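Comments concern the structure below.
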Amino acid sequence: MNGTESTSSTEAEKKFYEGGLKFSCMQCSFCCRGFPGVVLMDNKDLERFAKWAEVTVEQFIQMYCRWVESDDGFEYLSLREKRNMECIFWNKGCEAYEARPVQCRTYPFWTKILEDQNAWNEESKTCPGINSGKIHTAEEIETELAKYQSRNPIKRKK
Ligand code: SF4
(Lines give C-alpha, C1' and ligand atoms only; values in the text may rest on other atoms or scores of the structure.)
Protein backbone atom coordinates (compact mmCIF):
# COMPACT_ATOMS: atom_id res chain seq x y z
CA MET A 1 0.00 0.00 0.00
CA ASN A 2 1.45 3.38 -0.92
CA GLY A 3 1.20 6.60 1.05
CA THR A 4 -1.61 7.99 -1.07
CA GLU A 5 -3.85 4.96 -0.54
CA SER A 6 -3.19 5.04 3.16
CA THR A 7 -4.15 8.72 3.37
CA SER A 8 -7.34 8.26 1.33
CA SER A 9 -8.45 5.27 3.38
CA THR A 10 -7.87 7.27 6.58
CA GLU A 11 -9.87 10.11 5.03
CA ALA A 12 -12.71 7.71 4.19
CA GLU A 13 -12.80 6.46 7.79
CA LYS A 14 -12.94 9.99 9.15
CA LYS A 15 -16.32 10.81 10.59
CA PHE A 16 -17.97 13.92 9.20
CA TYR A 17 -18.39 15.10 12.81
CA GLU A 18 -14.68 14.76 13.63
CA GLY A 19 -14.50 18.50 14.31
CA GLY A 20 -17.68 18.46 16.41
CA LEU A 21 -21.26 19.44 15.64
CA LYS A 22 -23.40 22.31 16.79
CA PHE A 23 -26.66 21.58 18.54
CA SER A 24 -28.75 23.36 21.16
CA CYS A 25 -32.38 22.57 21.83
CA MET A 26 -34.50 25.60 20.81
CA GLN A 27 -37.51 24.31 22.76
CA CYS A 28 -39.51 24.34 19.51
CA SER A 29 -41.03 20.98 20.53
CA PHE A 30 -41.11 19.82 16.94
CA CYS A 31 -39.61 16.46 17.92
CA CYS A 32 -42.37 15.88 20.50
CA ARG A 33 -45.43 16.89 18.51
CA GLY A 34 -46.91 17.69 15.15
CA PHE A 35 -46.28 14.41 13.37
CA PRO A 36 -46.56 10.71 14.16
CA GLY A 37 -43.54 9.44 16.05
CA VAL A 38 -42.39 6.34 17.79
CA VAL A 39 -40.66 6.73 21.15
CA LEU A 40 -39.18 3.34 21.95
CA MET A 41 -38.32 2.29 25.45
CA ASP A 42 -36.16 -0.28 27.10
CA ASN A 43 -36.52 -1.76 30.56
CA LYS A 44 -34.49 0.96 32.26
CA ASP A 45 -36.61 3.67 30.64
CA LEU A 46 -39.73 1.88 31.73
CA GLU A 47 -38.58 1.43 35.33
CA ARG A 48 -37.54 5.08 35.57
CA PHE A 49 -40.85 6.22 34.09
CA ALA A 50 -42.95 4.01 36.38
CA LYS A 51 -41.08 5.28 39.43
CA TRP A 52 -41.56 8.88 38.27
CA ALA A 53 -45.29 8.30 37.65
CA GLU A 54 -45.59 6.41 40.97
CA VAL A 55 -47.26 3.41 39.35
CA THR A 56 -46.19 -0.14 38.60
CA VAL A 57 -44.50 -0.97 35.31
CA GLU A 58 -47.65 -2.82 34.20
CA GLN A 59 -49.82 0.17 35.05
CA PHE A 60 -47.47 2.48 33.22
CA ILE A 61 -47.65 0.35 30.08
CA GLN A 62 -51.42 0.31 30.26
CA MET A 63 -51.77 4.04 30.85
CA TYR A 64 -49.07 5.57 28.68
CA CYS A 65 -47.86 3.06 26.09
CA ARG A 66 -48.89 1.40 22.86
CA TRP A 67 -47.47 -1.46 20.81
CA VAL A 68 -46.20 -0.48 17.40
CA GLU A 69 -46.03 -3.07 14.63
CA SER A 70 -42.80 -3.50 12.76
CA ASP A 71 -42.09 -5.51 9.61
CA ASP A 72 -39.49 -7.60 11.46
CA GLY A 73 -42.28 -9.72 12.98
CA PHE A 74 -42.27 -7.92 16.33
CA GLU A 75 -44.28 -5.20 18.04
CA TYR A 76 -42.34 -2.54 19.92
CA LEU A 77 -43.36 -0.70 23.05
CA SER A 78 -43.70 3.04 22.45
CA LEU A 79 -45.10 6.00 24.32
CA ARG A 80 -48.65 6.83 23.30
CA GLU A 81 -49.61 9.87 21.31
CA LYS A 82 -52.64 12.08 21.77
CA ARG A 83 -55.13 12.46 18.92
CA ASN A 84 -53.32 15.55 17.71
CA MET A 85 -50.13 13.48 17.48
CA GLU A 86 -48.44 15.13 20.44
CA CYS A 87 -46.52 12.82 22.72
CA ILE A 88 -48.65 11.79 25.69
CA PHE A 89 -46.27 13.72 27.95
CA TRP A 90 -46.25 16.93 25.95
CA ASN A 91 -47.95 19.80 27.74
CA LYS A 92 -46.30 23.09 26.78
CA GLY A 93 -43.09 21.22 27.59
CA CYS A 94 -42.15 17.68 28.51
CA GLU A 95 -44.03 16.79 31.68
CA ALA A 96 -41.75 13.79 32.13
CA TYR A 97 -38.51 15.61 31.42
CA GLU A 98 -36.47 14.04 34.22
CA ALA A 99 -37.77 10.57 33.37
CA ARG A 100 -37.74 10.88 29.58
CA PRO A 101 -36.35 7.89 27.70
CA VAL A 102 -32.86 7.56 26.26
CA GLN A 103 -34.26 8.05 22.77
CA CYS A 104 -35.30 11.60 23.73
CA ARG A 105 -32.17 12.29 25.79
CA THR A 106 -29.75 11.43 23.02
CA TYR A 107 -31.43 13.31 20.16
CA PRO A 108 -30.06 14.23 17.59
CA PHE A 109 -27.07 11.93 18.05
CA TRP A 110 -28.80 8.88 16.60
CA THR A 111 -27.32 6.28 14.27
CA LYS A 112 -29.27 7.31 11.18
CA ILE A 113 -28.81 11.02 11.71
CA LEU A 114 -25.05 10.57 12.13
CA GLU A 115 -24.74 8.32 9.10
CA ASP A 116 -23.23 11.09 7.02
CA GLN A 117 -23.30 14.82 6.43
CA ASN A 118 -26.36 14.52 4.18
CA ALA A 119 -28.39 12.74 6.84
CA TRP A 120 -27.37 15.41 9.39
CA ASN A 121 -28.30 18.23 6.99
CA GLU A 122 -31.60 16.55 6.18
CA GLU A 123 -32.47 16.37 9.88
CA SER A 124 -31.60 20.04 10.29
CA LYS A 125 -34.57 20.87 8.05
CA THR A 126 -36.92 19.73 10.79
CA CYS A 127 -34.88 20.78 13.83
CA PRO A 128 -33.76 24.42 14.16
CA GLY A 129 -31.40 23.45 16.99
CA ILE A 130 -29.16 21.49 14.63
CA ASN A 131 -26.17 23.51 13.44
CA SER A 132 -26.67 26.21 16.04
CA GLY A 133 -25.61 26.88 19.60
CA LYS A 134 -23.30 24.64 21.60
CA ILE A 135 -20.52 22.71 19.91
CA HIS A 136 -20.44 19.02 20.87
CA THR A 137 -17.07 17.36 20.41
CA ALA A 138 -16.74 14.09 18.50
CA GLU A 139 -16.13 12.37 21.84
CA GLU A 140 -19.34 13.78 23.33
CA ILE A 141 -21.26 12.83 20.21
CA GLU A 142 -19.99 9.26 20.36
CA THR A 143 -20.87 8.98 24.03
CA GLU A 144 -24.46 9.93 23.22
CA LEU A 145 -24.50 7.65 20.18
CA ALA A 146 -23.28 4.75 22.30
CA LYS A 147 -26.11 5.34 24.80
CA TYR A 148 -28.60 5.40 21.93
CA GLN A 149 -27.21 2.23 20.39
CA SER A 150 -27.01 0.32 23.66
CA ARG A 151 -30.77 0.52 24.20
CA ASN A 152 -32.60 -2.74 24.01
CA PRO A 153 -36.13 -1.73 22.95
CA ILE A 154 -38.89 -3.78 24.52
CA LYS A 155 -40.58 -5.96 21.92
CA ARG A 156 -42.92 -8.93 21.64
CA LYS A 157 -43.83 -11.38 18.88
CA LYS A 158 -46.76 -10.22 16.75
S1 SF4 B 1 -41.13 11.99 26.54
FE2 SF4 B 1 -40.88 14.20 26.62
S3 SF4 B 1 -39.04 14.64 25.36
FE4 SF4 B 1 -39.75 12.55 24.80
S5 SF4 B 1 -41.16 12.84 23.03
FE6 SF4 B 1 -42.42 12.87 24.92
S7 SF4 B 1 -42.65 15.07 25.44
FE8 SF4 B 1 -40.88 14.86 24.02
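The values are calculated or read from the model by the stated rules, or taken from the named source; none is laboratory data. Because the structure is predicted, anything quoted here is derived from the model rather than measured. Backbone-built Cβ (ideal geometry, glycine too); neighbour counts: all protein chains shown.
Close Cβ contacts (under 8 Å, 6 or more residues apart or on different chains) running from residues in segment 93-116 that are among the basic types (Lys, Arg) to residues that are within 7 Å of the ligand (Cβ to nearest atom) comprise Arg100/Phe89; Arg100/Cys94. Residue count for segment 91-149, restricted to those that are within 13 Å of the ligand (Cβ to nearest atom) and charged (D, E, K, R): 5. Which residues, taken from segment 89-114, are surrounded by fewer than 15 Cβ atoms within 10 Å (Cβ to Cβ), within 14 Å of the chain's Cα centre (by Cα) and of a type outside the set (Ser, Thr, Tyr)? Of everything in segment 89-114, those that are surrounded by fewer than 15 Cβ atoms within 10 Å (Cβ to Cβ), within 14 Å of the chain's Cα centre (by Cα) and of a type outside the set (Ser, Thr, Tyr) turn out to be Arg105, Lys112. Summed over segment 53-88, the residues that are under 18 Å from the mean Cα position of the chain (by Cα) and assigned to a loop (DSSP other than H, G, I, E, B) give a count of 5. Summed over segment 74-90, residues that are more than 8 Å from the ligand (Cβ to nearest atom) and either modelled with pLDDT under 95 or under 22 Å from Cys25 (Cα atoms) (or both) total 5.
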